[in-house]
Amino acid sequence: MRSMTDIRFGTIVSAVLECLDFAESDLTADERHDSRKALERYKAEVAQTIREVFDEAGVPTPVAPPVPTYSRCGSPVKEGYRFCTRCRMPQTVEAAGEILEKALAKDAGMTPDDPRFRASLARIREEQPEQWDTLIQMLTTPAKA
């Protein structure tokens, strides 16, 4: 069995470039209107092309660790992001709390940094922690279809 270093870089590059040589007529109707779908298709084709080059050379392809996905829309979770880049819903408890605080402040006709609002919010969180946690969970958990 050959090692990964035995595969010539040019072989992989040529295979990938050939895979990416496409025309607009190669796109499906969905891909013409959604560049993300087209990009996902071509990423899959590039990965498959690289896999084929490795298979021909008899070299095992390194396995990438699984990418965590956001449970609401299936988009990959981007570390450090508080909100999903696809559906814009909160990915963290802190982000959900921020959304809830802004909504409550707006409903009360106040700003989130108003000292009276902050005191009321602290009282709610202290006196009714289960209800607060339930509201946060509703924002971070996808609705069932």
Checklist entry - Amide H to amide H under 5 Å from PHE83: which residues, 5+ apart in sequence or cross-chain, H placed 1.01 Å off N in plane? => result GLN91
Checklist entry - So if R0 is 41 Å, what FRET efficiency would SER75 and VAL16 give, r being the distance between their Cβ atoms, rounded to the nearest 0.05? => result 0.95
Next on the checklist: Quick one: the Cα spread of the stretch 93-140 along its three principal axes, in angstroms, biggest first?
Outcome noted: 25, 20, 16
Item to check | Reachable aspartates and glutamates from LYS102, criterion Cα separation under 20 angstrom, eight or more residues apart if same chain | outcome: GLU94, ASP113, ASP114, GLU126, GLU127, GLU130, ASP133
Item to check | Spin-label zone in the stretch 36-55 - amide nitrogen under 17 Å from a point set 7 Å from the Cα of ALA29 along the C-beta vector | outcome: 37-38
Checklist entry - Contour minus end-to-end for LEU104 and VAL63, with contour as 0.36 nm per residue of separation and end-to-end as the Cα-Cα distance? => result 10.2 nm
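Read the figures in this text as sums done on the coordinates, not as results from a lab. Keep in mind that what you see is a predicted model, and the values were worked out from it rather than measured. When we count neighbours, we look across all protein chains shown, and the Cβ atoms used for this are built from the backbone with ideal geometry, even at glycine.
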